[in-house]
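Comments concern the structure below.
Nothing in this text is a laboratory measurement; each read-out follows from the coordinates by a stated rule. Note that the structure is predicted; figures quoted are calculated from it, not measured. When we count neighbours, we look across all protein chains shown, and the Cβ atoms used for this are built from the backbone with ideal geometry, even at glycine.
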Amino acid sequence: MHKYLAALTILFLVACQPEPPSEPAQPAAPEPMAEPEPAAAVDPLGAALDAQSDEAKARYVYRHPRETLEFFGVEPGMTVVEGLPGGGWYSKILLPYLGSEGRLIGADYSMDMWRLFSFASEEFLAEQAGWVDSFPQDAREWAGGNGASVAAFTFGDMPGEFAGTADVVLMIRALHNLARFSGGERDFLGEALADAYAALKPGGILGIVQHEARDGMSDEFAGGSNGYLKKSRVVAAASADRGRYRLALAAHPRHECRGPRPACGTRGRRRIESDDAQVPQAGVVPGEILPFRRG
């Protein structure tokens, strides 16, 4: 009996011995990490252009806003003065493109000049008299939540606080009426360009887009009332007593200005070549394109 108990005890003890430790499991080889997706290129100007109305987009083929703004070196975060913003065709692009760090300053004709237009009724003039206040209010709605801040002034009466603050001043089809009404007691064109240069930082760009009349055409036709100006007049006015400037001009060898009311500079596309290495090269833009760099 004792032998059986001893045997059972030995078996029990043997059965209760812990199993020898097994070899530690080797960690599984990590799966190769997937290559990260390349980040999509950020194109804030493209986003601003895509956000415009179909009606505005229909004008891109004629106005070339991307090429124009890139040519003048407009970038997010800049302060830009826009001459004669009107109903905001360019403002609606600029405000989201400049972004929350940028600033858009609208500049309109003076009240003295508005009175010279034949269509300027008393009601119209009363509305224009409040433009410096109304334009920023309207523009803030166009800017959305992340758009540039907005201010305004009239040519010939620019507040000193704007002096030396602008990276770019845009005069897009804004000069012909200034030229048309200049002479006599007021040089509206000279006043506007003086304000433009005063607003610019050193090295800033004055960007002019204007339908061009050939130098051989009559001064009467090219005086501004038809919407066209001679390049020579624009260059003389923009560079007079204002220091160094750089010129880029548009040319299309097969497009000539012939008749009394032709579509000069509005059909066909003109390639721009600049003699200023600091001015970005353009693609194709319409009309006469003149960037002047403040010295």
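A few points about this structure:
- In plain terms, the residue of 112, 195, 54 with the fewest other Cβ atoms within 10 Å comes first and the most crowded comes last, giving 54, 112, 195.
- Taking Lys and Arg as +1 and Asp and Glu as -1, the other residues whose beta-carbon sits under 12 Å from that of residue 116 total +1.
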